[in-house]
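Let me begin by presenting the structure, written as structure tokens, before commenting on it.
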Amino acid sequence: MEQKDILILGIESSCDETAASVVKNGREVLSNIISSQIALHTLYGGVVPEIASRKHVENIDYVIDEALQQAGVTLDEIDAIGVTYGPGLVGALLVGLAEAKALAFAAGKPLIGVHHIEGHISANYIENKDFVPPYMALVVSGGHSHLVYVSDYGKYEILGRTRDDAAGEAYDKVARVIGMGYPGGPKIDAAAKKGNPKAIAFPRVYLEEDSYDFSFSGLKSAVLNYVNKQNMMGQPIVPEDVAASFQAAVVEVLVHKTIKAAKERGVKQIALAGGVASNSALRTAMKEACDKIGCTLSVPSPILCTDNGAMIGCAAYYEYIQGVRDDLSLNANPNLKLGER
């Protein structure tokens, strides 16, 4: 008997993207609609939670309707609704969660709460059809820097996390210091291509010898101190050199720890995930390091590295086939830990 296709509606609203997607059998994206608020938050130099929540309320119905229309399916044909319920901005999470609950209740569909980082990791399954656990995942975004051993679908062991600023957060703060504005990640990446990565010797923070944790606040402070010192001495600042030198320090540590963890666990696959996984220097350096040790590298397309509904639909599919269901008492959890339910 032919197996029935499983269609998941994925909803994501953890920060400043309102997104919805229809995913078939966990790996085929039928639609992926993203309404970004970047232009709005750029006015304030970063995400304003209250404004983000209000915009989600305005956009979410349209985004879901568009996702269903583009996929050519009705809500009745959807098998389950997956939604991000943490971590993230609590007001933003609540909008997506309330919408998902309302749709699940009205249409009589199962509800599946998805961890945001699990979504980012799952984005690797969408374009890379042969990619399966076990593997080492480096999750780098505005709010997270995690090194995760993925032993199976839904089974995560966090080996390292940031002790202070996340990688993406450091990018945003450094971009502001050197006058590049928000969002910092893409702007520093572009500027770094024109700069000299060896121009300024910024610190590489490895922490204790056996630690897989990250720390970027010292590096951020070093950039700030360098800029202040140059200004006090009346010396010129070359923003491209600062960007390239800063980026080189971040990438070196991220790649070193990921490769070390992969070797220690004996895994032959590494995955990048999260917004900073779009970074060209990180992609290039990680690929070169993987080639050296005979490891394969999976990296989603940039559109799947940013917050999107397809990654949530994909993660929800693997929860769905394992029998995970949530009831309407499911609440937003802004500090949700990976692997918790």
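The values are calculated or read from the model by the stated rules, or taken from the named source; none is laboratory data. On a predicted model such as this, the values are computed, not experimentally measured, just so you know. A quick note on method: Cβ atoms are made from the backbone with ideal geometry, for glycine too, and the neighbour counts reach across all protein chains shown.
Scan 248, 277, 271, 243 and give me the residue that is within 26 Å of residue 124 (Cα to Cα), of a type outside the set (S, T, N, Q) and more than 18 Å from the chain's Cα centre (by Cα). Exactly one of 248, 277, 271, 243 is within 26 Å of residue 124 (Cα to Cα), of a type outside the set (S, T, N, Q) and more than 18 Å from the chain's Cα centre (by Cα), namely 248. The set of residues in the range 160-195 that are in a loop (DSSP other than H, G, I, E, B) and among the charged types (D, E, K, R) comprises 163, 164, 165, 193, 194.
Every residue, every condition in (1) part of a helix (DSSP H, G or I); (2) surrounded by 19 or more Cβ atoms within 10 Å (Cβ to Cβ); (3) assigned by TED's automatic domain parsing to the domain that holds residue 87, yes or no:
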position: 204; (1), (2), (3): no, no, no
position: 223; (1), (2), (3): yes, yes, no
position: 231; (1), (2), (3): yes, no, no
position: 235; (1), (2), (3): no, no, no
position: 253; (1), (2), (3): yes, yes, no
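The residues on offer are 257, 198, and the sole one that is in contact (Cβ under 8 Å) with a residue 40 or more places away in the chain, assigned to a helix (DSSP H, G or I) and among the basic types (Lys, Arg) is 257.
Yes/no per residue for (1) at pLDDT 95 or above; (2) surrounded by fewer than 23 Cβ atoms within 10 Å (Cβ to Cβ):
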| site | (1), (2) |
| --- | --- |
| 55 | no, yes |
| 69 | yes, yes |
| 74 | yes, yes |
| 84 | yes, no |
| 93 | yes, no |
| 108 | yes, yes |
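With crowded, with 20+ Cβ neighbours inside 10 Å and either touching an Asp or Glu at 6+ places or on another chain (Cβ under 9 Å) or at positive phi (or both) as the only criterion, which of 151, 141 stands out? Residue meeting the stated conditions: 141. When residue 50 is evaluated against the numbered criteria (1) surrounded by fewer than 15 Cβ atoms within 10 Å (Cβ to Cβ); (2) in contact with a helix residue (DSSP H, G or I) (Cβ under 8 Å, 6 or more places away or on another chain); (3) in contact (Cβ under 8 Å) with a residue 60 or more places away in the chain, which criterion, by number, is the only one it fails? It is condition (3) that residue 50 fails. All conditions in (1) of a type in the set (Gly, Ala, Ser); (2) modelled with pLDDT of 95 or more; (3) not assigned by TED's automatic domain parsing to the domain that holds residue 165 hold for residue 339, with the sole exception of (2). State which residue is surrounded by the fewest Cβ atoms within 10 Å (Cβ to Cβ) when the search covers only the range 119-130 and only residues that are part of a loop (DSSP other than H, G, I, E, B) and at pLDDT below 95. Filtering first and then ranking leaves 130.
In the range 303-327, of all residues being farther than 17 Å from residue 27 by Cα and either in a helix (DSSP H, G or I) or of a type outside the set (Asp, Glu) (or both), the one that is nearest to the chain's Cα centre (by Cα) corresponds to 306. Applying the condition of being under 21 Å from residue 255 (Cα atoms) and basic (Lys, Arg) to the range 157-186 and asking which residue is farthest from the chain's Cα centre (by Cα) yields 163. Between 25, 32, the distinction of being loosely packed, with under 15 Cβ neighbours inside 10 Å, more than 30 Å from residue 177 (Cβ to Cβ), in contact (Cβ under 8 Å) with a residue 60 or more places away in the chain and of a type outside the set (Lys, Arg) belongs to 25 only.
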